[in-house]
2 protein chains.
Amino acid sequence: MKTLETLFSRSAKMMKASEIRELLKLTRQPEIISFAGGLPNPDAFPVGNIKKMVDHVMERHARDALQYGTTEGHNKLRAAIVHGMKQIDDVTTDIHNIIITTGSQEALYLLSKVLLDPGDTVLTAAPTYIGATSTFLAHQANIECIPIDENGIRVDLLEGELERMSRRKKLPKFLYLVPSFQNPTGVTIPPDHRSKIYDLVCQYDLLLVEDNPYGLLCYDGDRVLPIKAQDTEDRVLFLGTFSKILAPGFRVAWSCGPAELVNKMSLAKQAVDLCSNTFGQYVVYEAIHHNLLFPHVDVIKRLYKEKRDAMLDAMERYFPKEAKWNIPQGGLFIWVRLPYSINTKDMFPRAVANNVAYVVGQAFYPDGSGSNTMRLNFSHSTNEQIEEGIKRLGMVINDQLHKEGLEPEFITSV
Amino acid sequence: MKTLETLFSRSAKMMKASEIRELLKLTRQPEIISFAGGLPNPDAFPVGNIKKMVDHVMERHARDALQYGTTEGHNKLRAAIVHGMKQIDDVTTDIHNIIITTGSQEALYLLSKVLLDPGDTVLTAAPTYIGATSTFLAHQANIECIPIDENGIRVDLLEGELERMSRRKKLPKFLYLVPSFQNPTGVTIPPDHRSKIYDLVCQYDLLLVEDNPYGLLCYDGDRVLPIKAQDTEDRVLFLGTFSKILAPGFRVAWSCGPAELVNKMSLAKQAVDLCSNTFGQYVVYEAIHHNLLFPHVDVIKRLYKEKRDAMLDAMERYFPKEAKWNIPQGGLFIWVRLPYSINTKDMFPRAVANNVAYVVGQAFYPDGSGSNTMRLNFSHSTNEQIEEGIKRLGMVINDQLHKEGLEPEFITSV
């Protein structure tokens, strides 16, 4: 038809395939070792136990599990989440504070829908999760960023920024953080900083969105409790998901927050998809009920810790000394900073030509900075791929440094 | 927190629990026979075959079926839908024209998102599906309605309205129709009217959204092909779903339309939920691939035809002669018109007091008319519930007529 293009809404006219996604399409060839995705490893799926639970659901609950469900989600699952959040995260909550969503992405969408008008401000760390910021931007929000260091968002800068915003009466609609094993940097906000952040959130009467997909995937030291655990003022919306501790294919996640906010998200969800898939909710519930879910987290942690260590070890051996990185204590990602002379987007074709891929770090900076950074995923590749891929990437970085006229020192072992 | 209410977006402030949903909450008690829902009957779920397919997926494809999928959906399922639409609906299409959604509700949401700006007009029939119009309204659309008769939307009035709209240069963003066994009335647009509608759509260069959840559930006569089958100009977005022919619990539906539109819907879906649940998509694909899906439709048709006939038979016996209804040739619903003196919303508490429920017909009229109508669902109840529920409802209608001072004739048999 002639006029289709003219029919698109203003927001549709602004929608474009993200540059990052287009770059990543280049990396789908089988010969490319990709550290670009954020996928769990299929070896981490408890296939045998999921099969048992699927069979159980089909044998005992087929008529309900195959039917439409309520918008808020399967009540037994919501109750199990209330119980689990007490046991695991020391969060006291109630079923009315829980809504099941089609992945945490839907939670990010629904909370944007019910909180953001065009021009509203969201405050976040930089770099931060691109799936969140792109959703905020789709709602025409204005994103303000606070830099992070090895302790996550810089609390001193956050305090100053909130004071400035408050003076100008331009406080954000909410503060968005991934406090544990952040995507993309892997850094974790330590307990004392969490308390300080919560104090600030209370002082400025803010809503905090605490996105916690990786919180249980802790490989070293003590796991830090979510900020939600100290939420005596009911001002934290906590996003949890079963994608990283069971399997993403069921698309079952939850939000836990102020009942009034969760209720609005539920009203928005009625228009968006009516209810999330019932079958997956039943399977997840049975996995929790049969105590198959949380013991399995230890299996995943062993698998990913080994992969993290394999990647760190290979980086020590193959990356030039100019490359800097942190040692994430959990999660799925390592963050690499190269000399400012290197633009990782410009380097990307060279990486692809050498059959290795990463995510250009700039994608995670709402302000477009971070051109010298990259995100590496260690969860999805085999250990052999990690060794070979890091070797290739080390060469690519060295070549790029060389091209830039620097004198790289090729470290073959440490 | 003090300010939560003040943080809500303008659209969230407008969100209210629908009056209908609140009424329906009254009907959840087990003693109430409810004809109010639109649920498939669990007896219609091919539990044995679904179990076989679920086992097959877990044994052969677990690592992929439990992983994230692409936003557009599982490619094998999209290809199977392309093939099925040719075989069953005589629609020639391509995988690039197909997107998998989390139920057709998500398709309605995504198409609204990519087509509607506040104040845009959607043209539809009245009455029509409330899940669609409430989504259009959530996007602040202006809804214009054409009345329906026993042949569906009044084509003569549609023609006049389009001419008027065209003269005023206020053509709608799209025309939304449920041409087969419409929700809520059960009426079907006959082939010659479909051709006339398609001609009008071409003449005015319009986009047509053809929502087809019930198309295969035909109990009498020849099934009518969708309007999409004559879409030589690529201007029909067809919405299909597996909810009514397999099971709703997987939340797997599809849209088939212009590639440019489907592509925009996919971009919107990235922000909404990233991808629909992979596991359900694999199960649906295997059911098609093993030829278990379409033969099962005959089983569902036999079951629902019997229930439709049981309800029609009971209505003949228990409803007063003042009540009028159509004989739907398929789908899930019967539409009842009572004398204008009866307001079915006012009558609702009396029905609930007598342990029977329906949907107030007014809910399906965007202009708030239809106060003398009601929708009855015949798919979900047992035959015994249909007999007893219609008996109760007949008494309620008679009482209401009596209360209104009319002289009801209680027809006990025909």
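The values are calculated or read from the model by the stated rules, or taken from the named source; none is laboratory data. Just so it is clear, the structure is predicted and the values come from calculations on it, not from any experiment. Glycine also receives a Cβ, built like all others from the backbone with ideal geometry; neighbour counts cover every protein chain displayed.
Quick notes on this one:
- Options A:Phe250, A:Phe279; residue that is within 11 Å of another protein chain (Cβ to nearest Cβ), more than 20 Å from the chain's Cα centre (by Cα) and of a type in the set (Phe, Trp, Tyr): A:Phe279
- Meets criteria (in a strand (DSSP E or B), farther than 30 Å from A:Ala351 by Cα, touching a residue at least 60 places away in the same chain (Cβ under 8 Å) and outside the structural domain of A:Gln362 (by TED's automatic domain parsing)) for A:Thr71: no
- For A:Arg302, the requirement of being without any contact (Cβ under 8 Å) to a residue 12 or more places away in the chain and not small (Gly, Ala, Ser) is met.
Here is a yes/no grid of residues against (1) surrounded by 23 or more Cβ atoms within 10 Å (Cβ to Cβ); (2) more than 9 Å from chain B (Cβ to nearest Cβ); (3) touching a residue at least 60 places away in the same chain (Cβ under 8 Å):
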{"site": "A:Asp222", "(1), (2), (3)": "no, yes, no"}
{"site": "A:Leu239", "(1), (2), (3)": "yes, yes, yes"}
{"site": "A:Glu260", "(1), (2), (3)": "no, no, no"}
{"site": "A:Glu286", "(1), (2), (3)": "yes, yes, yes"}
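- Only listed residue being modelled with pLDDT of 95 or more, over 19 Å from A:Leu26 (Cβ atoms) and not in a strand (DSSP E or B), chosen from A:Asp313, A:Asp367: A:Asp313
- Only one of the listed residues (B:Ser379, B:Ser341, B:Ser371) is in contact (Cβ under 8 Å) with a residue 12 or more places away in the chain and within 14 Å of chain A (Cβ to nearest Cβ). That residue is B:Ser379.
- Unmet requirement for A:Val47, which otherwise passes all of (1) facing chain B (nearest Cβ under 10 Å); (2) without any contact (Cβ under 8 Å) to a residue 24 or more places away in the chain; (3) under 19 Å from A:Asn277 (Cα atoms): (3)
- Some residue of segment B:343-361 being assigned to a loop (DSSP other than H, G, I, E, B), closer than 20 Å to B:Ile148 by Cα and not polar (S, T, N, Q): no
- The set of residues in segment A:207-220 being without any contact (Cβ under 8 Å) to a residue 40 or more places away in the chain and over 15 Å from the mean Cα position of the chain (by Cα) consists of A:Leu208 alone.
- Residues satisfying the stated conditions in segment B:202-220, i.e. away from chain A (no Cβ under 14 Å), farther than 17 Å from B:Phe378 by Cα and in a loop (DSSP other than H, G, I, E, B): B:Asn212
- When B:Val272 is tested against (1) touching a residue at least 24 places away in the same chain (Cβ under 8 Å); (2) more than 25 Å from B:Tyr129 (Cα to Cα), just one condition goes unmet, and that condition is (2).
- Within segment B:72-86, considering residues that are in contact with a strand residue (DSSP E or B) (Cβ under 8 Å, 6 or more places away or on another chain) and within 13 Å of chain A (Cβ to nearest Cβ), the one farthest from B:Leu237 (Cα to Cα): B:His74
- Selected residue [buried (at least 16 other Cβ atoms within 10 Å of the Cβ) and closer than 30 Å to B:Tyr198 by Cα] from A:Leu7, A:Leu24: A:Leu7
- For segment A:182-220, the set of residues classified as buried (at least 19 other Cβ atoms within 10 Å of the Cβ) and small (Gly, Ala, Ser) consists of A:Gly186, A:Gly215, listed by residue number.
- Segment A:155-196 - residue that is touching a strand residue (DSSP E or B) at 6+ places or on another chain (Cβ under 8 Å) and of a type in the set (Ser, Thr, Tyr) and, of those, nearest to A:Pro213 (Cα to Cα): A:Ser180
- Here A:Ser266 meets the list (1) at the interface with chain B (Cβ under 8 Å from one of its Cβ atoms); (2) among the hydroxyl-bearing types (Ser, Thr, Tyr); (3) touching a Ser or Thr at 6+ places or on another chain (Cβ under 6 Å) almost entirely, failing just condition (1).
- Residue match in segment A:61-71 (condition: over 27 Å from the mean Cα position of the chain (by Cα), within 11 Å of chain B (Cβ to nearest Cβ) and among the charged types (D, E, K, R)): yes
- Within segment B:87-178, helices (runs of 4 or more DSSP H) holding 2 or more residues that are more than 14 Å from every other protein chain (Cβ to nearest Cβ) and not aliphatic (A, V, I, L, M): B:155-167
- Matching helices (runs of 4 or more DSSP H) fully within segment B:1-64 where at least 1 residues are within 19 Å of B:Ser379 (Cβ to Cβ): B:19-25, B:47-60
- Scanning segment B:176-219 for residues that are in contact with a Gly (Cβ under 9 Å, 6 or more places away or on another chain) and polar (S, T, N, Q) turns up B:Ser180, B:Gln182, B:Asn183, B:Thr185, B:Thr188, B:Asn212.
- None of A:Arg308, A:Arg302 is modelled with pLDDT of 95 or more and surrounded by fewer than 18 Cβ atoms within 10 Å (Cβ to Cβ) except A:Arg302.
- Scanning segment A:157-167 turns up no residue that is touching a helix residue (DSSP H, G or I) at 6+ places or on another chain (Cβ under 7 Å) and farther than 30 Å from A:Val336 by Cα.
- The selection criterion, being of a type outside the set (A, V, I, L, M) and closer than 15 Å to B:Phe35 by Cβ, holds for B:Tyr318.
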